[in-house]
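Below is one structure; the comments refer to it alone.
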Amino acid sequence: MDTKLTRRKFMQTGAVVTAEAVAEVVAGDMSKAATPHKKIASLSEIKAWSGVAFLYPESQPAMLVDVGKQVPGGVGPQRSIVAFSTLCQHMGCPVALDAADQKFVCPCHNSIYDPAREGMAIAGPAIEGLPMIALKVENNEIYAVGMTPVKGISSGLVYGLACDKT
Ligand code: FES
């Protein structure tokens with residue numbers, strides 16, 4: 001067996017180590033994510049399709065909404081309550097809840113997101129869904145407890161916020 005380390009092999013090995021090191025750093029940053037537990041509302045205050053605005057994980061706008069039916073990631077008695085960062089994934093404009101159409105709509109370039117489908121982007125230039133916020137119910141109170149990546153829909157990264165802050 002030839003144990004001589006050629007320049008080519010050295011460069012290939014270096015590239016693999018570098019990629020692994022970057023992956024570890026990224027994973028490490030994500031695992032240290034600063035995602036505070038924050039009380040959002042009481043279950044008794046929630047009405048279907050009337051959003052509750054709040055700031056999360058820091059001062060970024062977010063909204064909790066009861067979509068009126070069981071949905072993936074939903075909490076509450078019907079598993080129908082979900083929450084998202086409301087910063088558009090296209091260029092960061094705040095999106096608005098259109099209760100009549102049951103969607104989040106961005107006023108800047110008309111991206112549309114479906115809160116009943118984990119915040120999926122369904123129209124417009126955004127190619128990623130709204131970052132979903134994990135919720136937890138304790139003693140009739142709803143808490144935001146972190147950001148939730150949704151496979152194939154959203155990375156869970158809030159627009160404009162460094163990944164070690166989400
Ligand atoms: Fe929302 Fe462009 S910023 S669609």
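Each value in this text was obtained by applying a stated rule to the coordinates, not by laboratory testing. Only a predicted model underlies this, so the values are computations on that prediction, with no experimental measurement involved. Here Cβ is always computed from backbone atoms with ideal geometry, including for glycine, and neighbour counts include all displayed protein chains.
Taking amide H positions as placed in the peptide plane 1.01 Å from N, state which residues far from residue 146 in sequence (5 or more) or on other chains have amide H under 5 Å from it.
Amide H neighbours of residue 146: 134.
Which shape class applies to region 29-116: rounded if a/c is under 1.5, otherwise prolate when a/b exceeds b/c and oblate if not, where a ≥ b ≥ c are the square roots of the Cα gyration tensor eigenvalues? Walk me through the numbers before you get to the answer.
Numbers: a/c = 1.73, a/b = 1.04, b/c = 1.66.
Oblate.
Can you bin region 110-166 into rounded, prolate or oblate? Criterion: square roots of the alpha carbon gyration tensor eigenvalues sorted a ≥ b ≥ c, rounded for a/c under 1.5, prolate for a/b above b/c, oblate for the rest. Provide the component values of the computation, followed by the final result.
Numbers: a/c = 2.55, a/b = 1.48, b/c = 1.72.
Cα axes put region 110-166 in the oblate bin.
Which ³J(HN,Hα) values, rounded to whole Hz and listed in residue order, are derived for region 124-130 from phi using the Karplus coefficients 6.51, -1.76 and 1.60 in 6.51 cos²θ - 1.76 cosθ + 1.60 with θ = phi - 60°, glycine and proline given as x?
Those phi angles translate into x, x, 5, 9, 10, x, 5 Hz.
Once you sort the root eigenvalues of the Cα gyration tensor of region 72-118 as a ≥ b ≥ c, which label holds: rounded (a/c under 1.5), prolate (a/b larger than b/c) or oblate (the other case)? Don't jump to the answer; show the numbers that get you there.
Numbers: a/c = 2.89, a/b = 1.97, b/c = 1.46.
Prolate, because a/c is 1.5 or more and a/b exceeds b/c.
Provide the FRET efficiency to the nearest 0.05 for the residue 102-residue 139 pair, computing r from the beta carbons and using R0 = 30 Å.
Result of the calculation: an efficiency of 0.55.
Taking +1 at the Cβ of each Lys and Arg and -1 at the Cβ of each Asp and Glu, which of 150, 110, 93 sits farthest along the dipole of region 61-166 towards its positive end, judged by Cα position relative to the Cα centre?
Projecting each Cα onto the dipole axis, the largest value belongs to 150.
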